[in-house]
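As structure tokens, the structure follows; a few thoughts come after it.
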Amino acid sequence: MFSTDHDLSQLPDPIVDAQFYEAVPFKRLLAWVIDTILVTLVAAATVLATLGLGAFVFPVILFAINIAYRIFTISRSSATLGMQMTGIEIRNKQGNKLSLEEAAWHTGTYTVVALIFITLAISMIMMLVNKRGQGLHDYVLGTTAINRPNLP
């Protein structure tokens, strides 16, 4: 699963099929903002549902909901709701949508990268300079975000 030597020939070519990668880093940022707002609202609703007792463990609730939300949405449509709204999706190295297992690995790796500032900064820089716009977590898993294809 983890490697830096992936055959990505099944993914759209970033030179020949550049439309698949246009503005993807910006769309990922926008999707992240949307997803963060959604997860925070669900976590706040959870605290209210516990009559405020959940406030004592709010970070744990937020973390758990974020993980569950990402795994569930990515495994169903290869995109979180924020990604769907911005028109992007995650594809594996074969060019397919992510399975439940791949979604879990993607979420776990993304979470580890996001929790450590230096790896998060490296990941963000990678998205801007990598020809496929891959973050650090994408790079080690062989995944990438693309603009959703217009299928008939």
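The values are calculated or read from the model by the stated rules, or taken from the named source; none is laboratory data. Worth saying up front: this structure is predicted, and the values here are computed from it rather than measured. All Cβ positions, even for glycine, are placed from backbone atoms using ideal geometry, and neighbour counts span all protein chains on display. Just so you know, the surface numbers come from the protein's heavy atoms only, side chains and all, with ligands and any DNA or RNA stripped out. Shrake-Rupley method; radii C 1.70, N 1.55, O 1.52, S 1.80 Å.
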Discussion item. Looking at region 80-89, can you tell me whether even one residue there is in contact with a Phe, Trp or Tyr (Cβ under 8 Å, 6 or more places away or on another chain) and open to solvent by less than 40 Å² (accessible area, probe 1.4 Å)?
Written reply: yes
Of the residues that make up region 139-147, is at least one in a loop (DSSP other than H, G, I, E, B), crowded, with 20+ Cβ neighbours inside 10 Å, touching an Asp or Glu at 6+ places or on another chain (Cβ under 9 Å) and not polar (S, T, N, Q)? yes
Of ALA103, ALA114, the only residue that is small (Gly, Ala, Ser), open to solvent by 10 Å² or more (accessible area, probe 1.4 Å) and more than 20 Å from ASP17 (Cα to Cα) is ALA114
Taking region 80-99 and keeping only residues that are over 26 Å from ASP5 (Cβ atoms) and outside any helix (DSSP H, G or I), one is left with THR80, GLY87
Restricting attention to region 3-24, the residues that are under 20 Å from the mean Cα position of the chain (by Cα) and either loosely packed, with under 10 Cβ neighbours inside 10 Å or basic (Lys, Arg) (or both) number exactly 1
Selection from region 39-49 of residues crowded, with 17+ Cβ neighbours inside 10 Å and closer than 30 Å to ALA145 by Cα yields VAL39, ALA43
By residue number, the members of region 50-79 that are more than 14 Å from the chain's Cα centre (by Cα) and open to solvent by less than 80 Å² (accessible area, probe 1.4 Å) are THR50, GLY52, GLY54, ALA55, VAL57, PHE58, ILE61, LEU62, ALA64, ILE65
Expected output for region 116-140 (first residue at positive phi, partner among the aromatic types (Phe, Trp, Tyr), Cβ below 8 Å, 6+ apart or cross-chain) is GLY133/TYR21
